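Q: Please see the structure below; I have some questions.
The values are calculated or read from the model by the stated rules, or taken from the named source; none is laboratory data. Here the structure is a predicted model, which means the values were calculated and not measured. Note that each Cβ is placed from the backbone with ideal geometry, even for glycine, and that neighbours are counted across all protein chains shown.
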Amino acid sequence: MSEKKDAFHQPSSNSAAVFTTQSQFEQIVQNNKQLITIFQECIDNIKEHLSGTYLFFLTDEDGVLLAMDYCQELQEVVRKSEIRLGMYLTEESCGVNAVSEAMAHRTPIYLPPEEHESPFFKNWHCFSTPLTVGSKTIGYLDVSTINANMKSELIAIAKLIPGNMLSSLQNLSEAPPLDPVPLTERQLHVLRLIAQGQTVKSIALKLNIKECTVNHHKKIIFEKLGVQSSTEAVSVASRMSYL
């Protein structure tokens with residue numbers, strides 16, 4: 001099972017990459033909570049059908065890494081790298097990469113391993129595409145693999161994901177306000193962590209409770225909100241002014 005995201009982590013003193021501060025990142029996540037949740041729902045629906053190595057990134061419009069998902073085989077590789085949430089994937093921060101090129105050209109970009117300047121991406125085939133609503137770019141999606149045989153498959157997937165994400169986002173934004181339902185303080189805390197894109201595992205660690213307890217809270221929250229997924233929960237909770 002893959003790790004959806006690492007907790008926000010400030011870089012070491014010798015890191016050349018640029019990061020947001022903790023407080024800045026929390027505000028950025030708050031501003032993009034629906035986009036993060038939709039990204040994770042989309043990736044969850046796709047990754048069970050992937051057999052090779054893969055890495056998914058979601059950034060905001062400024063290239064700040066909001067969420068990532070990767071296969072189990074890459075867990076140690078990512079852990080030992082400086083790739084962390086809150087990192088700017090701009091050229092100034094980590095050299096030429098697929099996201100920085102998509103930002104520069106405002107168009108989908110495929111970047112082969114030899115064209116990356118960041119050591120982390122030297123073996124990666126990366127495809128990045130802007131996420132655009134109307135004339136406004138709200139973020140960037142990056143899909144990467146070290147397996148050249150998976151390149152075409154992942155590029156095809158990367159071209160489909162934005163449409164699904166943006167359709168879901170538009171449906172959420174057009175929904176009318178709702179009257180709130182009663183939620184306990186613990187349920188509200190879990191709900192807000194879900195809205196931040198936290199996984200069941202990370203919520204359990206953060207609250208010092210068991211994963212089964214988190215799943216129980218999620219079940220009760222979903223029942224109270226009348227929803228079936230985290231994306232729907234965030235949408236309904238936002239319409240109830242809980243988020």
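Q: Suppose we keep only residues that are among the hydroxyl-bearing types (S, T, Y) and under 14 Å from Q187 (Cα atoms) within the stretch 217-243. Which one would you say is farthest from the chain's Cα centre (by Cα)? Let's see the steps before the verdict.
A: Filtering the stretch 217-243 for residues among the hydroxyl-bearing types (S, T, Y) gives 229-231, 235, 238, 241-242.
Narrowing further to those that are under 14 Å from Q187 (Cα atoms): 230, 242.
Numbers: S230: 13, Y242: 21 Å.
Within the stretch 217-243, the match that is farthest from the chain's Cα centre (by Cα) is Y242.
Q: Check M103 against each of (1) part of a helix (DSSP H, G or I); (2) surrounded by 20 or more Cβ atoms within 10 Å (Cβ to Cβ); (3) touching a Phe, Trp or Tyr at 6+ places or on another chain (Cβ under 6 Å) and name the one condition it does not meet.
A: Result: M103 passes all but (3).
Q: So if I check each of T20, T107, which one is β-branched (V, I, T), at pLDDT 85 or above, out of contact with any helix residue (DSSP H, G or I) (no Cβ under 6 Å at 6 or more places or on another chain) and farther than 20 Å from S152 by Cβ? Give the steps one after another, and end with the answer.
A: Details: T107 fails: farther than 20 Å from S152 by Cβ.
Result of the check over T20, T107: T20.
Q: Moving on to the next point. Would you pick out the residues in the stretch 127-137 that are surrounded by fewer than 17 Cβ atoms within 10 Å (Cβ to Cβ), assigned to a strand (DSSP E or B) and not polar (S, T, N, Q)? Full working, then the answer.
A: Just the residues of the stretch 127-137 that are surrounded by fewer than 17 Cβ atoms within 10 Å (Cβ to Cβ), to begin with: 132-137.
With the extra rule that they be assigned to a strand (DSSP E or B), the set shrinks to 132-133, 136-137.
Selection gives V133, K136.
Q: Another question, if that's okay. Could you list, in sequence order, the residues of the stretch 212-223 that are surrounded by fewer than 18 Cβ atoms within 10 Å (Cβ to Cβ) and among the charged types (D, E, K, R)?
A: K219, E223
Q: Taking T21 as the residue in question, decide whether it is of a type in the set (S, T, N, Q) and in contact with a strand residue (DSSP E or B) (Cβ under 9 Å, 6 or more places away or on another chain).
A: Details: of a type in the set (S, T, N, Q): yes; in contact with a strand residue (DSSP E or B) (Cβ under 9 Å, 6 or more places away or on another chain): no.
It is false that T21 is of a type in the set (S, T, N, Q) and in contact with a strand residue (DSSP E or B) (Cβ under 9 Å, 6 or more places away or on another chain).
Q: If you go through the stretch 140-152, how many residues are touching a residue at least 60 places away in the same chain (Cβ under 8 Å), closer than 15 Å to K47 by Cα and in a helix (DSSP H, G or I)?
A: 1
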